[in-house]
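Since the structure comes first, as structure tokens, the remarks are kept for the end.
The values are calculated or read from the model by the stated rules, or taken from the named source; none is laboratory data. In this text the structure is predicted, and so the values were computed from the model without any measurement. No Cβ is skipped: glycine too gets one built from the backbone with ideal geometry, and neighbour counts run over all protein chains shown.
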Amino acid sequence: MAIGEFGGAPTLPVQGGSAMMMPMYWMYEMGQASLNPARAVTDATKILFENPVNPWSHTTFGKSVAAGCELFERITRRYGKPEWGLDFTEVEGHRVPVTVRSVWEKPFCRLLHFERAIVAPLSKPQPRVLIVAPMSGHYATLLRGTVEAFLPGHDVYITDWADARMVPLSAGRFDLDDYVDHLVEILHVLGGDVHVVAVCQPAVPVVMAVSVMEAEKDPYVPLSMTLMGGPIDTRRNPTAVNNLAQERGIDWFRSNVITKVPFPHPGFMRDVYPGFLQLTGFVSMNLDRHVDAHRRLFDNLVKGDGDKVEKHRDFYDEYLAVMDLTAEYYLQTVDEVFVKQSLPKGEMKHRGKPIDLSKVRRVALMTVEGENDDISGLGQTEATHGLCSAIPANRRVHYVQKDVGHYGVFNGSRFRKEIVPRISAFMQASAQPSSHVELAMAAAE
């Protein structure tokens, strides 16, 4: 089970008892190692049959052999963390270089800043935006399209969560409470005057962090928070993956998906929910679609359709790159958010203290949902408005994007053309004292 195919809610894991889990991870590692010679042979074969000097490379047979070799290599590969690849953006008509720099770091998270080398004076202020990426199996680079869409009009930061198998056991544990503490500390590092965008799973810890800061009258509370496709109240319009958590219960997950990191990874003996199990859950949700995609890859390689081949490679290089999650974070999130549904019931706690969303007053709130979201059902994110009842009505906005699913809430053409302009207008308005957000949103229509 994963927290969500794109960070929203649980997905079905492979079956297996707790007694099998530790050797299963070791067996996976041995399997990866044993495939290295086969991958080397297929790589050499692919080079041979793609070499224009080889007459077979110009035949359907030769192209099919090369395509089969690439397919084998891609299916058996362990995918590493992708690069951001955002070297340039356009700001008010000027193409400017972008540098990704870490400005804060702890063992389980880095805060990345996408610095734009702006020379010409800007015609209007550009809000500082903290994008909180999901810690749900995929790397923060899954939000490359989200960052790219915000860069032209915003000063962008993002949370870059670490792969738990790469964090030594000596660094300590990391759970949902630690996640919230990290967000509060990051907001302090940014020093105020910042807007927060939570993509999917982080909607819950972001709301918790803001509540903690409001309760303590923290001066660095964000100007606004935008929650996108997040599981705030999974009782509303529950999806199949929400029902799974209710049916199984937390003990089933503790017994079936938690294992220890094997040697020689830096996180040796850390309890985790491993990435390879998450990937199994991701793929099993839409197995037919993934099989068809790889069949089309083979056909396009044989035909020499480079554009479609590159599109497939780009998507799956990201999609198949997964990371381990700490067991304590994963289990606490599943239990509190999806099984007990503690936040909407008013039972959520942080470090033993109740989370009281009625104390959230200074932060403007925007929620965004996809009409066809099958991960975080329609209404689950909107529920935040009822919980944050002290926020004035004219500083709260809810928007449903037509004809998009979960992924379309934070990526794709509709996100760039319809959602981002509304979020930007919301941020601009919420930064002004006594602002009337609804009027600003109407102007963005």
Any residue at all in region 147-158 that's of a type in the set (F, W, Y), outside any strand (DSSP E or B) and under 12 Å from the mean Cα position of the chain (by Cα)?
no
Just to be sure, is V91 within 16 Å of the chain's Cα centre (by Cα) and not charged (D, E, K, R)?
no
Is there a residue being out of contact with any His (no Cβ under 8 Å at 6 or more places or on another chain), assigned to a loop (DSSP other than H, G, I, E, B) and within 21 Å of Y319 (Cα to Cα) anywhere in region 59-78?
yes
Filtered residue count, region 134-154, keeping only those that are buried (at least 20 other Cβ atoms within 10 Å of the Cβ), more than 24 Å from G80 (Cβ to Cβ) and out of contact with any Phe, Trp or Tyr (no Cβ under 7 Å at 6 or more places or on another chain):
3
Would you check which residues across region 354-403 are crowded, with 21+ Cβ neighbours inside 10 Å and more than 21 Å from S224 (Cβ to Cβ) and list them?
D373, I375, G377
Using beta carbons and a limit of 6 Å, which pairs, at least six apart or on different chains, have the first residue in region 145-158 and among the small types (G, A, S) and the second one surrounded by fewer than 24 Cβ atoms within 10 Å (Cβ to Cβ)?
G145/N411; A149/R416; A149/V420; G153/Q126; G153/S424
Of the residues V283, V291, V309, V322, only one is out of contact with any helix residue (DSSP H, G or I) (no Cβ under 6 Å at 6 or more places or on another chain) and within 30 Å of I47 (Cα to Cα); which?
V291
Among the residues of region 340-353, write down those that are in a helix (DSSP H, G or I) and surrounded by 19 or more Cβ atoms within 10 Å (Cβ to Cβ).
L343, P344
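Would you confirm, using the coordinates I've provided, whether P82 is in a loop (DSSP other than H, G, I, E, B) and touching a Cys at 6+ places or on another chain (Cβ under 6 Å)?
It is false that P82 is in a loop (DSSP other than H, G, I, E, B) and touching a Cys at 6+ places or on another chain (Cβ under 6 Å).
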Quick check on I131: is it surrounded by 20 or more Cβ atoms within 10 Å (Cβ to Cβ) and in the same structural domain as S413 (by TED's automatic domain parsing)?
yes
Can N54 be described as at pLDDT below 95, surrounded by 12 or more Cβ atoms within 10 Å (Cβ to Cβ), over 27 Å from W161 (Cβ atoms) and not small (G, A, S)?
yes
Before we move on, is F108 among the aromatic types (F, W, Y) and either assigned by TED's automatic domain parsing to the domain that holds H290 or more than 26 Å from W161 (Cβ to Cβ) (or both)?
no
Of the numbered conditions (1) buried (at least 17 other Cβ atoms within 10 Å of the Cβ); (2) part of a helix (DSSP H, G or I); (3) free of Cβ contacts under 8 Å to residues at least 60 places away in the same chain, L112 fails exactly one; give the number of that condition.
(2)
Scan K46, K81, K106 and give me the residue that is more than 24 Å from the chain's Cα centre (by Cα) and either at positive phi or not small (G, A, S) (or both).
K46
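Per-residue answers, yes or no, for (1) part of a loop (DSSP other than H, G, I, E, B); (2) modelled with pLDDT of 95 or more; (3) in the same structural domain as I232 (by TED's automatic domain parsing); (4) in contact with a Phe, Trp or Tyr (Cβ under 8 Å, 6 or more places away or on another chain):
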position	(1), (2), (3), (4)
V368	no, yes, yes, yes
L378	yes, no, yes, no
T384	no, yes, yes, no
V400	no, yes, yes, no
Matching helices (runs of 4 or more DSSP H) fully within region 193-304 where at least 1 residues are β-branched (V, I, T), free of Cβ contacts under 8 Å to residues at least 40 places away in the same chain and surrounded by fewer than 16 Cβ atoms within 10 Å (Cβ to Cβ):
287-303
Scan region 386-398 for residues that are assigned to a helix (DSSP H, G or I) and more than 17 Å from A425 (Cβ to Cβ) and jot them down.
G386, L387, A393
Tell me the residue from I158, I186 that is modelled with pLDDT of 95 or more, in the same structural domain as G386 (by TED's automatic domain parsing) and closer than 21 Å to K81 by Cα, please.
I158
Residue check, L86 against (1) closer than 26 Å to P266 by Cβ; (2) at pLDDT 95 or above, all met but one. Which one?
(1)
On the given criteria, is P82 closer than 28 Å to E185 by Cβ and touching a strand residue (DSSP E or B) at 6+ places or on another chain (Cβ under 8 Å)?
no
